[in-house]
Amino acid sequence: MSKIQALAYVVVESSNLQAWRHYAEQVLGMAAIDAPDGSLLLRMDERDFRIAIVPGAQDRYRASGLLAVDQPAFDAAVAELKAAGIAVEAGSIETILARRVKDLANFIDPAGNRHELVWGYTGGSAAFASKLGVTFKTGDYGVGHTVLPAIPFEPELALFKDALGMGLSDVFNFQMAPDAPVIRIYFLHAASGRHHSVALAEMPNPAGCVHMMVEVEKLTDVGRAYERMRAHGVKEMATMGEHENDRMTSFYMMTPGNFAIEYGYGGLIIEPESWQTTHTKQVSIWGHDFSVGFR
């Protein structure tokens, strides 16, 4: 059984917070709030934030906020991580307060990805109203999903399946060409029922994330965001399409953090306890031309 409820939030390092403010408010349809510690908090729902932009020298994905189901699950996950040889560091009081949680533990997985394991939300619950009229699908499902670079692959997969108890939703052995090497991309679900909250991709990425996904409640909002992407000169990373495995209708665009964001609608909700792992044969049923990202 998964010890993780959902991907609660992500943390991004940025040398230009104003670029993120514009991108969040004018393209994504989120709200950007200045925090007392100098970070920029991006709101998608009643929570104080779902994406925390912290000032720094680099523009990259910094950490994934993995929400434990409850305190016993948090404690069990910490114990399992330590038993697997992962160094776990207790979060500072400052970080715990900044993330609005009851407890936090930091760890770095075998592929070098940083994570903040948390439980117990302590922040506000003010009503959220996007200036662009966007409603995001969050709640118990979390912020969306993240796709992380996973080299070495086997230890990375073992950590998420065994130490954190996440289930394997789908397996995809991707080849860019018939003579190209196989790239494994495995999709893992948490307790929330979102088809996947974390995916592991057997490829490097200097920005620390292949892409993250946010989901909206109406297909119309995907189309409008696509138009805003073009109007604001944001680089398109993949055209509109529908994925085979989670049935998400989406497109991809670059963020100011040098990783892509998938903006989608209609992702599959599964029953975690009874789901049988699928084996995807193709990226998408239609669309999703990723070649545009290389132009």
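Straight-line reach only, C-alpha to C-alpha below 24 angstrom: list the lysines that Lys82 could link to, leaving out same-chain residues fewer than 8 apart.
Reachable lysines: Lys3, Lys102, Lys161.
Alpha carbon centre of segment 185-256 versus segment 22-100: separation in Å?
For segment 185-256 versus segment 22-100, the Cα centre distance is 19 Å.
Please sort by residue number the trypsin sites (Lys or Arg not before Pro) in segment 61-138 whose DSSP state is loop and whose Cβ has at most 11 other Cβ atoms within 10 Å.
Working: sites: Arg62, Lys82, Arg99, Arg100, Lys102, Arg114, Lys131, Lys137; in loops: Arg100, Lys131, Lys137.
Taking segment 61-138 and a limit of 11 other Cβ atoms within 10 Å, the loop trypsin sites (Lys or Arg not before Pro) found are Lys131.
If I histogram all Cα-Cα distances within segment 12-53 using bins 5 Å wide from 0, what percent of pairs lands in each bin?
Histogramming segment 12-53 at 5 Å steps yields 6, 28, 36, 24, 6, 0 percent.
Would you mind giving the average projected area, over all directions, of the Cα convex hull of the chain in nm² with one decimal? Write down the numbers at each step before the final one.
Values: hull surface 57.4 nm².
Result: 14.3 nm².
For the chain, what is the calculated [θ] at 222 nm in deg cm²/dmol (nearest 500), taking -39500 (n - 2.57) for each run of four or more DSSP H residues and dividing by its residue count?
Details: 5 runs with 45 residues, N = 295.
Mean residue ellipticity at 222 nm (helix-derived): -4500 deg cm²/dmol.
Would you mind classifying segment 109-241 by shape? Square roots of the alpha carbon gyration tensor eigenvalues, ordered a ≥ b ≥ c; an a/c under 1.5 is rounded, otherwise it is prolate if a/b is larger than b/c and oblate if not.
Since a/c reaches 1.5 but b/c is at least a/b, the shape of segment 109-241 is classed as oblate.
When you take every Cα atom in segment 162-295, what is the radius of gyration, and what is Dmax, the widest Cα pair distance, in Å?
15.0, 45
Which loop trypsin sites (Lys or Arg not before Pro) in segment 173-232, with loop taken from DSSP, have no more than 16 other Cβ atoms within 10 angstrom of their Cβ?
Loop-located and lightly packed - Lys218.
Give me the one-decimal nm value for the distance between modelled label points at Ser15 and Ala87, 7 Å along each residue's Cα-to-Cβ direction.
Rounded to a tenth, the inter-label distance reads 2.7 nm.
Given the alpha-carbon gyration tensor of segment 1-126, what are the semi-axes of its equivalent ellipsoid in whole angstrom, ordered largest first, with each equal to the square root of 5 times an eigenvalue? Intermediate results must be reported in sequence, preceding the final value.
Values: eigenvalues 135, 54, 30 Å².
That gives 26, 16, 12 Å for the three semi-axes.
Given an 8 Å cut-off on Cα distances and at least 6 residues of separation, report the relative contact order of the chain as a percent.
Relative contact order, the chain: 19 percent.
Straight-line reach only, C-alpha to C-alpha below 20 angstrom: list the lysines that Lys137 could link to, leaving out same-chain residues fewer than 8 apart.
Hits, sequence-local ones excluded: Lys218.
Quick one: ranking Ser39, Ser15 by accessible area, 1.4 Å probe, largest first, what do you get? Walk me through the numbers before you get to the answer.
Numbers: Ser39 5, Ser15 75 Å².
I get Ser15, Ser39, largest accessible area first.
What number, in nm² with one decimal, is the all-direction average of the projected area of the convex hull of the alpha-carbon atoms of segment 77-182?
Seen from a random direction, the Cα hull of segment 77-182 projects 9.9 nm² on average.
Leaving ligands and nucleic acids out of the surface, order Asp75, Asp109, Asp162 by accessible area at 1.4 Å, largest first.
Ranked list, largest accessible area first: Asp162, Asp75, Asp109.
Just grab the label-to-label distance for Arg224 and Ser291, each label 7 Å out from Cα along the Cβ direction, in nm (one decimal).
For the pair Arg224/Ser291, the computed spacing is 3.3 nm.
For segment 58-127, what relative contact order do you get, as a whole percent, if you take Cα pairs closer than 8 Å and at least 6 residues apart? Intermediate values should be presented prior to the final figure.
On the way: 94 pairs, mean separation 25.8, N = 70.
For segment 58-127, the relative contact order is 37 percent.
Calculate how many DSSP beta bridges within the chain are antiparallel, expressed in % of all such bridges and rounded to the nearest 5.
Once the DSSP bridges in the chain are tallied, antiparallel ones form about 70 percent.
The values are calculated or read from the model by the stated rules, or taken from the named source; none is laboratory data. For clarity, every value in this text was computed on a predicted model and none was experimentally measured. Here Cβ is always computed from backbone atoms with ideal geometry, including for glycine, and neighbour counts include all displayed protein chains. Side chains are part of the model used for accessible areas, which takes the heavy atoms of the whole protein and leaves out ligands, DNA and RNA. Shrake-Rupley method; radii C 1.70, N 1.55, O 1.52, S 1.80 Å.
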